[in-house]
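Peer 1: Dumping the structure here so I can ask a few things about it.
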Amino acid sequence: MSISGGRGEAQRPFWLIAGGAAVAVGWAAGLAGQGGWAAVLIAVGVLLPVAAFLADRAFARAGGLDIERVADRLADLVRDQWDTEATRRGVGGPPLEVFWQAADADLVHSWPKLRQEAVDGRNGPVSGTPGSGPGGLAGSGALLAAYDRSPCGRLVVLGEPGAGKTVLLVRFVLDLIGRRQAGEPVPLLVPLASWIPDWQSLYGWLEDQILLEYPHLSAVDAATGDTRAGALLRAGLILPVLDGLDEIRAGGTDQALASINDELPGDIGLVLSCRTDEFRAAVRPDPDQRPIHLDGAAGIHVLPLTSTAIRGYLLAGAGSDGPLRWAPALTALADPTSSVAQALTTPLTAFLASTAYNPRPWESSLGLPSPTDLCALPTAAAVEQHLLAGFIPAAYRPHPHQPTRWTIKQATRYLAFLGHHLEHRLHTTSLAWWEIPGATPGTYRILTVGITGGLATGLTITLTAGVVAGPTAARTAALTFGLPFGLAAGLAAGLAFVLAGGLGYAPPARTALRLPRGPVLLSGLAAWLVVGLPIGLTDGPPAGLTVGLMCGLTVGLVGWVGLDAPVNTQSSVEPRYTLSQDRASALVNGLAFTLAGGLAVGLAFVLLVGFMAGLAIVPPFMIAIALALGLAAGLSGGLAIGLASAWGRLGLARPWLAARGQQPLRLVTFLEDAHARGVLCRAGAVWEFRHADLQRYLAGPP
């Protein structure tokens, strides 16, 4: 099986810009009396984009990469992605190790049923070394051993909050890729928080998540219409590792289980994590109905840590005076009835305690808070809240080897805002940079796009008037025509993108600016009315009709065709990478629209002048002015495209959020610093808080 697309399409903006430049030069050559060269250049300018488009289609029909080779390269990217992140999350870090046992029998299918399903080949890939019973699933360390003993190659990982389920899944992905052979499925770890099972299919949602993390997989096969991501899924070359069934906010977890059973092909493996109580509720949402067991899946339950393991972990990083400082708290830890012992049972709470009370490398314990404070707290919940409250101050306390430009108070305020935005506005745990602009008012986003584009257009008109007629004419043009027309054109472009859904928050561009064709037509109509109407009122209906029509055609046709942006398929996937890719897409698309739209509108002005003046031949200086005006209008549209991109929206949002003290101006730098301090974790193209409980604590009430 093979899939194609993408290689030639990435170059289409270059040929579009080159073609537009050739037409402009040819036009200038014609004005200079070089008729032969003018005809050649204009013909070349028209043919270049057409030839590039036809070459794209020919390449798509000819076929591209073998899908198994695509999977092999994806496996390399996944391994590189998680190697560094695994170290940050403490995967394999001694001395803390979790243990697990078989999940309760009522939460999964019986072992004989799983063995029979494996024999029949109905659910999941058959295990080569299945266990003799659920007791054989018990173990510690590497989750891969339990997965191998599951008869159908499907496993549910259950545990309490902070039990270490995500860390186990990260290690599982790395272990499975480590033994993977060429052409075998690639394990992909995907947080479930953004899935809405009530209206998103499992594979449709998975494809969207893959494309966000691996943009090069968005190339489309002309024969099937599948992206590479979709082709990998349908070829069975993706093994879903789904983290956090309990984090699904929109749509029931029972609906999610039913959707997985209905949509996941019988020969595909699966690993799924969930909190135990939430999984029990998903399996049996109604006591009077038949339970919804995950087809083909065995289950394990991660056990609480022993007090001995917790003691060893805390003292390992406590320094030379650690036993003395920790003595009262460790005494309480040995008493199972104490609040300290009841709270410190998971890797999360152990990590929080060590971070708050133990010195970092090259740091003294002098001045650190005392672990004895934990003994005064009456309940396990109070201990957990105390540890969560102390985490941010500990992560941002001064350290000579990790300087910071943000105080503890600033960092806490910024992180609390992000936690509230995720928890109460977006209802997710995935912090995507392109969704941050959603925290600003919609009117702010619309007006900034319109005003910025309008001012740029007005400035271009003013400069043109200054060159042609001098400074006095420039001032007059700016006040009487440049700024009013510029603002009208800018607001038209902003309105056009509002109608096309361009000013909400959406994922960054992958390979193209692809607007739905219905809204694009409305965008063209809006540009026609908003630009053409004021001109028609001042200069007459023919002028308004002609100029508005050309503006509308420019917006509509360029949006209909779509402008492609290059995608670097070799880079590792991380938030800053997707930001840089979207910035490149915005700049290329904006420049292409400026040139293409400028030529179209300039031609409209030439025709308008000839029509109104009754001229058979328009004088060269009028053509120059018309082209300048066209470029001004094109610049307005190009800026609107750039600002309506995910990168552009973030750029507009940053000053607003910084002025209100909700985020620093250097937002991405702050997020990367929080990731380096362990406050945030990275999952492909998005960040997450260290744990969902930390996000909820920082978010506070709605």
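Peer 1: With +1 assigned to the C-beta of every Lys and Arg and -1 to the C-beta of every Asp and Glu, and no other charges, what is the dipole magnitude of region 235-332 about the Cα centre in debye, to the nearest 20?
Peer 2: Numbers: 7 positive and 13 negative charges, 121 e Å.
With Lys and Arg at +1 and Asp and Glu at -1, about 580 debye.
Peer 1: Given contacts defined as C-alpha pairs under 8 Å and at least six residues apart, what's the relative contact order of region 253-315, whole-number percent? Before the final figure, lay out the partial values.
Peer 2: Working: 28 pairs, mean separation 24.4, N = 63.
It rounds to 39 percent for region 253-315.
Peer 1: Same structure, new question: Rounded if a/c is under 1.5, else prolate if a/b is larger than b/c, else oblate: which is region 324-408, with a ≥ b ≥ c the root eigenvalues of its Cα gyration tensor? Intermediate results must be reported in sequence, preceding the final value.
Peer 2: Values: a/c = 2.52, a/b = 1.82, b/c = 1.39.
Prolate shape, in that a/c is at least 1.5 and a/b is the bigger ratio.
Peer 1: A follow-up question, please. Can you work out the FRET efficiency for the pair R397 and A316, with r the C-beta to C-beta distance and R0 = 22 Å, to the nearest 0.05? Walk me through the numbers on the way to the answer.
Peer 2: Working: r = 20 Å, r/R0 = 0.92.
That pair, R397 with A316, gives E of 0.65.
Peer 1: Using a Förster radius of 22 Å, what is the FRET efficiency between Q410 and T84 based on their Cβ-Cβ separation? Nearest 0.05, please.
Peer 2: So, using R0 = 22 Å, E works out to roughly 0.25.
Peer 1: Of the options Q410, L431, H420, report the single residue whose Cα projects farthest towards the positive end of the charge dipole of region 391-445 (beta-carbon charges: Lys, Arg +1; Asp, Glu -1).
Peer 2: Among Q410, L431, H420, the one farthest towards the positive end of the dipole of region 391-445 is Q410.
Peer 1: Using a probe of 1.4 angstrom, how much of the accessible area of region 84-212 is carbon and sulfur, in percent? Numbers along the way, then the final one.
Peer 2: Details: 2710 of 5120 Å².
Carbon and sulfur: 53 percent of the exposed surface of region 84-212.
Peer 1: Please compute the per residue accessible area over region 163-303 with all protein chains in place, 1.4 Å probe, rounded to a whole number of Å². Can you show the working numbers first?
Peer 2: Numbers: 4780 Å² over 141 residues.
Computed with neighbouring chains in place, this is 34 Å² per residue.
Peer 1: Using the Cα centre of region 166-299 as the reference point, and only Cβ charges (+1 on K/R, -1 on D/E), how large is the resulting charge dipole? Debye, rounded to the nearest 20.
Peer 2: On the way: 10 positive and 20 negative charges, 80 e Å.
Computed about the Cα centre, the dipole is about 380 debye.
Peer 1: Just order 105-111, 170-176 by mean Cβ neighbour count inside 10 Å, highest at the front, would you? Walk me through the intermediate numbers first.
Peer 2: Working: 105-111: 17.9, 170-176: 22.3.
Sorting 105-111, 170-176 by mean packing, highest first, produces 170-176, 105-111.
Peer 1: Taking square-rooted eigenvalues a ≥ b ≥ c of the alpha carbon gyration tensor, is region 253-402 rounded, prolate or oblate, where a/c under 1.5 means rounded and, failing that, a/b exceeding b/c means prolate?
Peer 2: Numbers: a/c = 2.95, a/b = 2.20, b/c = 1.34.
Because a/c hits 1.5 or more and a/b exceeds b/c, region 253-402 counts as prolate.
Peer 1: Right, next: Going by a ≥ b ≥ c, the root eigenvalues of the Cα gyration tensor, does region 207-321 fall in the rounded group (a/c under 1.5), the prolate group (a/b larger than b/c) or the oblate group?
Peer 2: Values: a/c = 2.84, a/b = 1.43, b/c = 1.98.
In terms of gyration-tensor shape, oblate.
Peer 1: Moving on. Any idea what the relative contact order of region 147-293 is, in percent, if you count C-alpha pairs under 8 Å spaced at least 6 apart?
Peer 2: Working: 195 pairs, mean separation 47.2, N = 147.
Contact order relative to length: 32 percent.
The values are calculated or read from the model by the stated rules, or taken from the named source; none is laboratory data. Note that the coordinates shown come from a computational prediction; the quantities given were computed from them, not determined experimentally. Neighbour counts are summed over all protein chains in view; Cβ atoms, including those assigned to glycine, are modelled from backbone coordinates with ideal geometry. The protein model used for the area step is the full one, side chains on, heavy atoms only, and it has no ligands, DNA or RNA in it. Shrake-Rupley method; radii C 1.70, N 1.55, O 1.52, S 1.80 Å.
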